Structure formats: C-alpha cells, structure tokens
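What follows is a single structure, written as structure tokens, with notes after it.
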Amino acid sequence: LLVLSGEVNGNSVGEVITKAKALDAKLSGLLGLKELVRARTPLYLYLNTPGGGVTAGLNLREVLKGLGRPVHVIVYFAASMGFQLAQGLDNRYILESGVLMSHRAAGQFSGSFGGTNPSQLEQRVRFWTQITKELDEQTVRRTNGKQTLESYQKAYADELWMTGQEAINGGYADSIVRVKCDKTLLGTTKHETELLGLPIAFETDNC
C-alpha cells in the first residue's frame, strides 16, 4: 500500500516514489518467485489529495508505471492532479463516499514575446496546452466510450464533482470498494508545513 495524502508536490511524490521502489524491490526478491509471478503482484495507491503540481504528478505516474507491475488506485478524495493520477494508472477503485473532481488547469506564464512567431511565451502556452489535451484524451479513453472529448471538457468547465457511484456511471472509476486498515497502519505520522509564513506542525492517523 502506498498513500498520497495532501498536496501533490515534490516532497509528497518523493515519499511515495521512495516507498514504491522499496516495495517493488521487496516483492522482486520475495521467496525467489519467477519474474512473471512477481510482475503480477500489484501495488495500491490510496489517494486523499486536493491535487497540486502537474509536473510532480506526471513524475509519479511515470515512475509507478515504470515498475513493470500493476499499480491500482483507491480513491477517498482525488481532485485536480489527483484525478489525473487516478486516470493514469491501472484499476480505479473508489470508496462509496469517495470523491473525484476534475477542472480546468490553471497556471501563470512569463516569457518574451513579439518579433517572429511563435514567441517564447507562445511556445510555453502551447506546451502546457498540449499536456492538458493529452491528459483529457487519456481520461476519455478510460471511460470506455461513455464520454467524448467534447462531453468531458464541457462537464469539467465549471468543475466536475462526483461521488463514488457517479464516477462509475460516468466512466471515471471502475468499481466501489470498502477498505479496512490492518495493524501495519496503526499510529500517526508527524508533518510540518507553512501557512502564510507561519510554521505548522500536525499529526495524521496512518489509516
């Protein structure tokens, strides 16, 4: 089990990648099993995230896909880049009270413009527009014909919020699951962050 809890950024993604590689190495050496059997042993990524950086999210997706084994997602709350992670991995499980949310990408650009076209600024806008287009196309493919690019983009234009069953009905999730925390998830984890320049320390339950 891998857990992404909180914002998708370099730190949170780095923690998940480190654990994923450790679990992959452990499974690869487990009882000397043959490569085919090892490759079929899945990892599960539990998502409880409001989203965050596109680059960090894409980095996590590529590393997990590069492990050579299935990586399934379990959605408690996955918005924005969290939604894209769910669409970019293997089986998409969601809790009955789970939430998926997609919306327009947002960002700021700077760069030179004027002179011959395309300018530096235009190139940067084109690049990120292409990335969001590819993510949209990935999501539409995962709906297995339930959505078109037009219907999906129209749905998320003013934010698309879905409960577990709505996500399945729309083709954005595969099945509803129930989860139970085992003894390995006992205890808490300490976190430190900043809000408006003020340091904040808090603990979250490992479950």
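Which of the GluC sites (Glu not before Pro) found in the stretch 127-198 are loop residues per DSSP with 14 or fewer other Cβ atoms within 10 Å of their Cβ?
Answer by residue number: E159.
Which net charge results when you count Lys and Arg as +1 and Asp and Glu as -1 among the other residues whose beta-carbon is under 14 Å from that of S12?
For residues surrounding S12, the net value is -1.
Please identify the trypsin sites (Lys or Arg not before Pro) of the stretch 1-107 that satisfy two criteria: DSSP loop assignment and at most 15 other Cβ atoms within 10 Å. Which are they?
Numbers: sites: K19, K21, K26, K34, R38, R40, R61, K65, R92, R104; in loops: K34, R104.
Hits after loop and neighbour filter: K34, R104.
Net charge near L89, counting Lys/Arg +1 and Asp/Glu -1 over other residues with Cβ under 14 Å of its Cβ?
Result for the local shell: +3.
For K21, which lysines qualify as cross-link partners when the Cα separation must be under 18 Å and same-chain residues fewer than eight apart are set aside?
Filter leaves K65.
How many nm is it between the label spots at E159 and E96, if each spot is 7 Å from the Cα in line with the beta carbon?
Distance between label points: 2.6 nm.
Please identify the trypsin sites (Lys or Arg not before Pro) of the stretch 154-196 that satisfy two criteria: DSSP loop assignment and at most 11 other Cβ atoms within 10 Å. Which are they?
On the way: sites: K154, R178, K180, K183, K190; in loops: R178, K180.
Those that pass, being in a loop and sparsely packed, are R178, K180.
Report, to the nearest 10°, how far helix 10-28 tilts away from the longest principal axis of the Cα atoms in the chain, using its own Cα long axis and a range of 0 to 90°.
40 degrees
So how tilted is helix 54-65 from the main axis of the chain? Cα-based, degrees 0 to 90, rounded to 10.
Around 40 degrees separate the two axes.
Values quoted throughout were computed directly from the atomic coordinates according to the rules given, and no laboratory measurement underlies them. Nothing here was measured: the structure is a model prediction, and the numbers come from that model. Note that each Cβ is placed from the backbone with ideal geometry, even for glycine, and that neighbours are counted across all protein chains shown.
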